[in-house]
Structures are given as C-alpha cells and as structure tokens.
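Student: Take a look at the following structure, please.
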Ligand SMILES: [Zn+2]
C-alpha cells in the first residue's frame with residue numbers, strides 16, 4: 001500500500017496523514033537518522049534544492065552522531081521524535097513506550113543547539129496502539145503519519161519502483177524517505193529525481209511544525 005486510503009485516515013483521525021493547504025505545499029520527511037554520510041548527503045541535496053524538510057530521528061542515533069543532528073537543525077529543518085531505539089508500539093506496553101519516547105525527547109533537547117523541543121512524533125513501522133496515541137496526545141505530541149510511502153527501505157524493490165511510488169503525491173502530501181543504510185541505494189536514485197519531478201508539477205516544499 002503506497003497511498004493511504006481515505007477510510008484509514010477517517011478511522012485514525014487522531015493521527016496526521018496529510019496537511020491540506022491552498023498553496024500546493026508538500027512535506028518531505030526522513031526517518032531513522034542521523035546516519036553518517038547518508039544524512040549529510042540528504043542535507044546537501046536539500047540545501048542545493050533550497051528545500052526544508054522534517055527529520056524523525058532515533059534518540060540512540062542522535063547520541064552517536066550529535067554533530068550531524070546539530071547540522072540538521074542549523075540548516076533549518078524540522079525535527080521529530082522516532083523513539084530512542086526504534087521501538088514497535090504494538091509489541092510494547094504503553095508505559096514503556098511513552099518512557100522510551102520521553103528519553104528521545106530528552107536527548108533531542110540536550111543535543112540541540114538551542115535546547116530544541118519537538119512535539120512531533122512518528123511511530124516506527126507506523127505501528128502504535130490507540131492508548132499510546134492517546135497518552136502522547138495528552139503530552140502535546142502530534143502523531144505524524146504519511147500518505148505517500150516511497151518504500152526506499154525495501155531492498156526487494158528497484159530504485160525505479162521507489163521513484164514510481166512517489167508519483168502519487170498530491171497537494172498536502174506527507175512523503176516518507178529514510179536516511180538509513182538500508183534505504184541508501186533506493187534513496188540515492190529516487191530523491192534527486194523525485195524532487196525534480198515534484199518541482200516541475202508546481203509543488204512547494206515545507207516543514208511540518
Ligand atoms: Zn523508522
């Protein structure tokens with residue numbers, strides 16, 4: 001499933017699947033970083049294309065690569081929380097899940113140049129229990145899902161198929177990519193081409209806040 005059906009969005013109305021707007025804006029998001037070389041490669045492309053995006057970071061990776069994290073913030077991109085160690089919500093007790101996200105929040109604050117706070121959260125694998133959604137929303141988090149999945153992480157698909165997956169983007173779409181080793185091959189092919197095609201279609205890129 002690449003494009004999320006409307007009925008799913010209606011059932012999971014506590015989560016953000018797209019951001020309707022009148023300005024033809026779309027939202028690039030990158031999950032699972034910071035990752036040496038790959039995140040930096042993404043940052044270079046975005047700078048060259050004059051695009052701001054949103055990075056859903058793993059706390060453990062921020063601890064390992066604080067300089068890349070700082071560079072991402074300095075470049076003006078938006079930051080989101082993606083748990084401390086890529087925890088799967090469906091398999092985790094809610095209390096433990098929320099504690100893991102709190103730990104990531106603390107690391108984001110401590111590692112950021114400006115004690116940056118992020119109230120954006122994306123559940124790893126898109127798998128989160130309704131109770132976990134409720135608890136996070138009580139803490140003020142927005143749960144950011146997507147409507148266009150590039151599947152760049154899927155090593156069984158070709159780079160061409162990955163690019164194809166981004167072609168259903170519409171105004172307000174939230175696109176998911178991964179600045180991770182697993183996605184590298186598909187990402188390196190797809191991202192520059194997708195940006196070019198999306199610009200040709202008149203889309204404007206913005207951050208999620
Ligand atoms: Zn992830």
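Taken together, the values in this text are just the output of simple stated rules run on the coordinates, not laboratory data. Worth saying up front: this structure is predicted, and the values here are computed from it rather than measured. Glycine gets a Cβ as well: all are built from the backbone with ideal geometry, and neighbour counts include every protein chain shown.
Student: Whole percent per 10 Å bin, from 0 to the bin with the longest distance: what is P(r) over all C-alpha pairs of the chain?
Tutor: Calculated P(r), rounded to whole percents: 9, 37, 39, 15, 0.
Student: Calculate for the chain the 222 nm mean residue ellipticity that helices alone would give, adding -39,500 (n - 2.57) per DSSP H run of length 4 or more and normalising by residue count, nearest 500 deg cm²/dmol. Write out the running numbers ahead of the final one.
Tutor: On the way: 8 runs with 84 residues, N = 209.
That comes out to -12000 deg cm²/dmol.
Student: If you don't mind, there's one more thing I want to ask. Order the peptides 16-22, 151-157 from the highest to the lowest mean number of other Cβ atoms within 10 Å of their residues.
Tutor: 151-157, 16-22
Student: In the range 6-205, what % of DSSP beta bridges are antiparallel (nearest 5)?
Tutor: Among the beta bridges of the range 6-205, antiparallel pairing accounts for roughly 5 percent.
Student: Is the range 102-157 rounded, prolate or oblate when judged by the Cα gyration tensor, a ≥ b ≥ c being the square roots of its eigenvalues, rounded requiring a/c under 1.5 and prolate requiring a/b larger than b/c?
Tutor: Oblate, since a/c reaches 1.5 and b/c is not below a/b.
Student: Right, another one. Could you tell me which of rounded, prolate or oblate describes the range 1-103, using a ≥ b ≥ c as the square roots of the eigenvalues of the alpha-carbon gyration tensor, with rounded for a/c under 1.5 and, failing that, prolate when a/b is larger than b/c and oblate otherwise?
Tutor: Oblate is the answer for the range 1-103, as a/c is 1.5 or above yet b/c matches or exceeds a/b.
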